[in-house]
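Chemist: Starting off with a structure, shown below.
The values are calculated or read from the model by the stated rules, or taken from the named source; none is laboratory data. Keep in mind that this is a model prediction, so the values were computed, not measured. Here Cβ is always computed from backbone atoms with ideal geometry, including for glycine, and neighbour counts include all displayed protein chains.
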Amino acid sequence: MVIGVPREIKNHEYRVGLLPVHAHVLREAGHRVLVQRNAGAGSGACDKDYREAGATVVGSAREVYARAGMIVKVKEPQAGEFRRLRPRQIVFTYFHFAASRALVEAVIESRIVAIAYETVQAADGSLPLLVPMSEIAGRMAVHEGAKYLEEPFKGRGLLLAGVPGVAPARVVVIGGGIVGANAAKMAAGLGADVTILDVSLPRLRYLDDVMPKNVTTLMSNAYNIRDAVRHADLLIGAVLVTGAKAPVLVSEALVKQMKRGAVIVDVAIDQGGSIATSRPTTHGAPTFIKHGVVHYCVTNMPGAVARTSTSALTNATFPYVLEIANKGWRRAVEENAVIRSGLNIVEGGVAFGKIAEQFRLPLRQS
Ligand SMILES: NC(=O)c1ccc[n+]([C@@H]2O[C@H](COP(=O)([O-])OP(=O)(O)OC[C@H]3O[C@@H](n4cnc5c(N)ncnc54)[C@H](O)[C@@H]3O)[C@@H](O)[C@H]2O)c1
């Protein structure tokens, strides 16, 4: 199979779908790899490295899309990429369809085979291709939150850790999954006073077991959310309902009751956001202020730490890339239920129940 790796064009996205080491393994397995010039530069992989690994470096995205049977990338196709997609071409990437009807419509029209990283699900219910990026985004949420709490960024002028004789900042994390646990761990490590809310009692039990003493676990319900959010200096949105739009758990009225200069980092923004006042932002212009609260809602947070995140992402995606390349998508999904769970839209038909439901589209019969 010819595997194509285009350069990402989303604002400040520096990750890349495959590294030279993967080009080498694919080559050894009898495949061809086409990489767009400079695709890996932001992740520390130069064209020469790809060439030495046996890949062909081509000058344009047009050429990559025109020749590849499978495109491996990172972010959902952007408007400028829609016209390049070809019928029956496999596209393996993050799609986050739940956040965009325009993307759903464009992908249906293109008749590609869209296999979405974010819905690939292991037998134990975990999402192995979301985990590494969630680990990064969770940790980063605390870095970013700490930065925007500083006065020059219109924050409250608070140091997360406090100092002897001065109380630490209050960090509230809604959603105690991978993002939430990593955020809580980082914030706690810095000495903040952390509260983490989740709807799952087993998850709260686990967090209570593994987290340090300055982390309080709370059942997520409207009452506890209201109380915690009113007192928060830094609020981190980290909920997920797999494959669906994020539930909005903090209303605009509640944001109005937050402290002036408090910071919201809504990590769940890539699934539509869990705070009513959130709207997607970019690394170029990461924040906006609403009701006196600084909002950071970057949809591709890990893109800013591309060297770490490309390695973390491709560690997780590559075994599936190789299996799809070796078997073709039909056999790969027949033989591997984990890959099957990533099928979202196939040659014009929606194959993922929650997407069909959300957008009121017919579900494709397999
Ligand atoms: N912005 C970015 O760059 C970026 C990067 C990585 C992940 N994300 C997003 O972060 C979100 C969280 O991802 P994750 O990997 O931690 O998911 P996860 O499945 O590991 O955790 C989600 C948690 O939310 C909990 N939850 C569900 N409904 C809830 C509610 N009403 N109240 C409180 N908790 C609730 C679940 O019980 C679960 O523990 C997702 O939307 C994901 O797409 C964004």
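Chemist: Using beta carbons and a limit of 6 Å, which pairs, at least six apart or on different chains, have the first residue in region 263-276 and more than 6 Å from the ligand (Cβ to nearest atom) and the second one in a helix (DSSP H, G or I)?
Modeler: VAL263/GLY145; VAL263/TYR148; VAL265/ALA141; VAL265/GLU144; VAL265/GLY145; GLY272/ALA99; SER274/ALA268; ALA276/GLU252
Chemist: Can I ask one more? Right, ARG7: surrounded by fewer than 23 Cβ atoms within 10 Å (Cβ to Cβ), at pLDDT 95 or above and over 19 Å from the mean Cα position of the chain (by Cα) or not?
Modeler: Against the criterion (surrounded by fewer than 23 Cβ atoms within 10 Å (Cβ to Cβ), at pLDDT 95 or above and over 19 Å from the mean Cα position of the chain (by Cα)), ARG7 does not qualify.
Chemist: Residues VAL321, VAL305, VAL350: which one is closer than 21 Å to THR242 by Cβ and within 22 Å of the chain's Cα centre (by Cα)? So that I can check it myself, show each step before the final result.
Modeler: Details: VAL321 fails: closer than 21 Å to THR242 by Cβ; VAL305 fails: closer than 21 Å to THR242 by Cβ.
One residue alone meets the criteria, VAL350.
Chemist: Have a look at PRO128, PRO132 and point out the one that is under 24 Å from ALA306 (Cβ atoms), touching a residue at least 24 places away in the same chain (Cβ under 8 Å) and in contact with a Pro (Cβ under 9 Å, 6 or more places away or on another chain).
Modeler: Working: PRO128 fails: in contact with a Pro (Cβ under 9 Å, 6 or more places away or on another chain).
Of PRO128, PRO132, the one residue that is under 24 Å from ALA306 (Cβ atoms), touching a residue at least 24 places away in the same chain (Cβ under 8 Å) and in contact with a Pro (Cβ under 9 Å, 6 or more places away or on another chain) is PRO132.
Chemist: Regarding region 246-253, can at least one residue be identified that is under 30 Å from VAL104 (Cβ atoms), more than 23 Å from the chain's Cα centre (by Cα), among the acidic types (Asp, Glu) and in the same structural domain as MET140 (by TED's automatic domain parsing)?
Modeler: yes
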